[in-house]
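Novice: Here's a structure for you.
The values are calculated or read from the model by the stated rules, or taken from the named source; none is laboratory data. In this text, all values refer to a predicted model and were calculated from it rather than measured experimentally. Positions of Cβ are backbone-derived with ideal geometry, glycine not excepted, and every protein chain shown enters the neighbour counts.
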Amino acid sequence: MSAHSENTSGARMAAPVQPTADAAAAPALLDVRDLHVAYDKVEAVSGVSVRVGQGQIVTVIGPNGAGKTTLLSAIMAVLPARGDIVLAGQSLIGREIEDCVAAGMNLVPEKRELFSEMTVQDNLMLGAFHRYRTGLRDQDQTLAEVYELFPRLRERSGQLAGTLSGGERQMLAVGRALMAKPRLLMLDEPSLGLAPRIVREVFRIVARLREMGVSILLVEQNARAALQVADYAYVLETGRVTLEGPAKDVAQDPRVIDIYLGLGHGAAATN
Ligand SMILES: Nc1ncnc2c1ncn2[C@@H]1O[C@H](COP(=O)(O)OP(=O)(O)O)[C@@H](O)[C@H]1O
Ligand SMILES: [Mg+2]
């Protein structure tokens, strides 16, 4: 094992993968096992295992190109994968996006993918499409809840989505995903391109969602903010998990401090 495998914190190198006490403490809502995802023959995710406990915020941090978006896309069945993806005991590997939504997962993609020429409210209602199609008629109630979470969206409900600021667009993307009433919300770089004040607001909302019982898988390049809000963390590098542990321990890991948190913040780096 490398020199980083043992440090004073509780974080540990990923291999061999064994459930930690912390991960086992909460029953797994999402259990991704040995996932492989390739573009043509080039593997972008190579044997990744990730768990999200019920009611947890779990973050995956790592550099650009590490495979974070690929991982979330595969979990959501946007990309085909090998391995297993289990949500609340139900295996979803090889299924369709709609099956994943029906099972209770939703993804806020990095590109947010809003309909600029539609109003804020119509964008939100689209998020409830699956529930509507299956005969559920609780959309007005859910919309009221989303507006309570994002008062700004209520103010802007009749405006075209294309006229929103970057922060408002991110709120709308999260709000639309919440309209599907997911048990597991996956967020791909929600802070990307946003001003620091808006980033803080986004992370406040993420913490609030956990209080509301939504479990969260949060992918971020903003490691500092992600580790602050998360319960558990994985470091993904070139398609593999290189470190995992309780977020507070990962934040203390010398290598994480060195590479992801920068120098001069908290504990001194060792090299
Ligand atoms: N559509 C694609 N076709 C081929 N390679 C891709 C595609 N999307 C991503 N990749 C490659 O897969 C790897 C992981 O990319 P990605 O999952 O986007 O990383 P991250 O989200 O961590 O920045 C990178 O090497 C990237 O170049
Ligand atoms: Mg990405």
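Novice: Which condition number does Gln141 fail, the rest of (1) within 23 Å of the chain's Cα centre (by Cα); (2) modelled with pLDDT under 95; (3) not in a loop (DSSP other than H, G, I, E, B) being met?
Specialist: Unmet condition: (1).
Matching residues to (1) modelled with pLDDT under 95; (2) over 16 Å from the mean Cα position of the chain (by Cα):
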position	(1), (2)
Ala21	yes, yes
Ala24	yes, yes
Leu29	no, no
Asp34	no, yes
Glu43	no, yes
Arg51	no, no
Ala66	no, no
Thr70	no, no
Ser73	no, no
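Novice: If you check Val52, Val101, which single one turns out to be outside any loop (DSSP other than H, G, I, E, B) and touching a Ser or Thr at 6+ places or on another chain (Cβ under 7 Å)?
Specialist: Going through Val52, Val101 in turn, just one is outside any loop (DSSP other than H, G, I, E, B) and touching a Ser or Thr at 6+ places or on another chain (Cβ under 7 Å): Val52.
Novice: Further, regarding this structure: Return yes when Tyr132 is of a type outside the set (D, E, K, R), surrounded by fewer than 18 Cβ atoms within 10 Å (Cβ to Cβ) and either at pLDDT below 95 or within 24 Å of Leu218 (Cβ to Cβ) (or both) and no when it is not.
Specialist: For Tyr132, the condition - of a type outside the set (D, E, K, R), surrounded by fewer than 18 Cβ atoms within 10 Å (Cβ to Cβ) and either at pLDDT below 95 or within 24 Å of Leu218 (Cβ to Cβ) (or both) - is met.
Novice: Something else now. Just to confirm my filter: which strands (runs of 3 or more DSSP E) fall fully inside segment 148-246 and include at least 2 residues that are more than 20 Å from Leu114 (Cα to Cα)?
Specialist: In segment 148-246, 215-220, 232-237, 240-246 are the strands (runs of 3 or more DSSP E) which contain 2 or more residues that are more than 20 Å from Leu114 (Cα to Cα).
Novice: With respect to Val78, is the statement that it is within 16 Å of ligand 1 (Cβ to nearest atom), surrounded by 14 or more Cβ atoms within 10 Å (Cβ to Cβ), at pLDDT 95 or above and under 18 Å from Leu178 (Cβ atoms) true?
Specialist: It is false that Val78 is within 16 Å of ligand 1 (Cβ to nearest atom), surrounded by 14 or more Cβ atoms within 10 Å (Cβ to Cβ), at pLDDT 95 or above and under 18 Å from Leu178 (Cβ atoms).
Novice: Is it the case that some residue within segment 171-190 is under 24 Å from Gly67 (Cα atoms), surrounded by fewer than 18 Cβ atoms within 10 Å (Cβ to Cβ) and within 15 Å of ligand 2 (Cβ to nearest atom)?
Specialist: There is no residue in segment 171-190 that is under 24 Å from Gly67 (Cα atoms), surrounded by fewer than 18 Cβ atoms within 10 Å (Cβ to Cβ) and within 15 Å of ligand 2 (Cβ to nearest atom).
Novice: Could I ask something else about it? Give segment 120-170 a look and list any residue that's of a type in the set (A, V, I, L, M) and over 15 Å from Lys181 (Cα atoms), or say none.
Specialist: Val120, Leu153, Leu160, Ala161, Leu164
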